[in-house]
Ligand code: CA
C-alpha cells in the first residue's frame, strides 16, 4: 500500500500545556491520537503512557486478527495509565482518549475510546467512523438532543469512558475497506469543537498537499478560538496493493 501522512499538533490559544499526543508509523501502518486529561500536567503523562504502551504492543503479528490485538493494546494502555495514576497522587484520575488506526490487508482497522475522532473522506464525502464516548454523543445517538443542541450543552465535555479511568472499556472497533484516494483523519476535540464537519470535509477534499491540509485544519481551529489543544493526523491512500 502506498500512502502519505502528515500530522500536526498545536497548543491552541487558551491552554498552557499541550496534553495531546500523536504517533505515526507508515511502515507499520499505525496511526494514533491521544488527548490526555488531568491536573498538574497529568494529561501529558497519560497520553504519553497510553501511546508508549500501544506502540510496545503493536504492530500486530500474523497469529491473531488485528481487532483482537487492538483490543488487547487498548486494555494494556488502560492498565498502564491506571497503574501510573495510582502510583502518584499528582496523577490521580488522569486519563486519555485513544484513537488508533491500523492498516492491514487493504483495510483500516479502528480501535477507539473517548471523544477524539476518526473520519474517512471517500469520494469527496466525509464520514465519522468513530463513536463519541461522551454524554452528548450518547444523547445524540438516542435522539434526545440534536448535534446543534450538543454544541451548547453544559455537558459537552463529559466523557463516558477514557483510558486509565474506566475499568471495563467498551472499545469502539470498526474496520473499513480502503480505496485509492481515500483520506483518513484522526483528530482531537480541539479541532472538532471548533470546526464543523462540513468545513472539515471542504478542507480535506481540496487537492492540497497533506502538509497544507493539516495547516489549514489547525488554522481554522485557531481562528475559531482555539480553546483547546488541536491535533490532526491526515493520511492519504495513494495506491492499494495489486492482488
Ligand atoms: Ca481536548
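Can you bin the stretch 159-243 into rounded, prolate or oblate? Criterion: square roots of the alpha carbon gyration tensor eigenvalues sorted a ≥ b ≥ c, rounded for a/c under 1.5, prolate for a/b above b/c, oblate for the rest.
Values: a/c = 2.65, a/b = 1.10, b/c = 2.41.
Note, shape of the stretch 159-243 comes out oblate.
Over the stretch 1-138, what is the relative contact order in whole percent, taking alpha-carbon pairs under 8 Å and six or more residues apart? Don't skip to the answer; put the middle values down first.
Values: 235 pairs, mean separation 28.8, N = 138.
After rounding, I find 21 percent.
In what sequence do 23, 155 fall when counting other Cβ within 10 Å, fewest first? Before the final figure, lay out the partial values.
Working: 23 20, 155 12.
Least to most surrounded, the residues fall as 155, 23.
Would you mind classifying the stretch 1-94 by shape? Square roots of the alpha carbon gyration tensor eigenvalues, ordered a ≥ b ≥ c; an a/c under 1.5 is rounded, otherwise it is prolate if a/b is larger than b/c and oblate if not.
Working: a/c = 3.65, a/b = 1.32, b/c = 2.76.
The shape class here is oblate.
Within 10 Å of each residue's Cβ, count the other Cβ atoms and sort 92, 8 from fewest upward.
92, 8
I'd like the FRET efficiency for residue 17 and residue 180, computed as 1/(1 + (r/R0)^6) with the beta carbon distance as r and R0 of 30 Å, rounded to 0.05.
On the way: r = 39 Å, r/R0 = 1.30.
Between residue 17 and residue 180 the formula returns 0.15.
Quickly estimate the mean residue ellipticity at 222 nm for the chain, helices only: each DSSP H run with n ≥ 4 gives -39500 (n - 2.57), and the total goes over all residues, rounded to 500.
On the way: 7 runs with 77 residues, N = 243.
Calculated from helices alone, the mean residue ellipticity at 222 nm is -9500 deg cm²/dmol.
Test of understanding: what is the full-extension gain from residue 125 to residue 106, defined as 0.36 nm times their sequence separation minus their Cα-Cα distance? Walk me through the numbers before you get to the answer.
Details: separation 19, 0.36 × 19 = 6.84 nm, distance 1.95 nm.
Gain in length upon complete extension: 4.9 nm.
Stretch residue 206-residue 168 to full length: gain in nm at 0.36 nm per residue minus the Cα-Cα span? Intermediate results must be reported in sequence, preceding the final value.
On the way: separation 38, 0.36 × 38 = 13.68 nm, distance 4.06 nm.
Stretched out fully, the residue 206 to residue 168 stretch lengthens by 9.6 nm.
Please rank 231, 9, 53, 154, fewest neighbouring Cβ atoms within 10 Å first, as an exposure proxy.
Values: 231 30, 9 19, 53 22, 154 7.
Ordered by Cβ neighbours within 10 Å, fewest first: 154, 9, 53, 231.
With the contact rule set at Cα under 8 Å and sequence spacing of 6 or more, what percent relative contact order holds for the chain? Kindly include the intermediate steps, with their values, before the conclusion.
On the way: 558 pairs, mean separation 68.7, N = 243.
Relative contact order of the chain: 28 percent.
FYI, it's all coordinate maths here, none of it is from the lab. Just so it is clear, the structure is predicted and the values come from calculations on it, not from any experiment. Don't worry about glycine lacking a Cβ; one is built from the backbone with ideal geometry, like all the others, and counts go over all protein chains shown.
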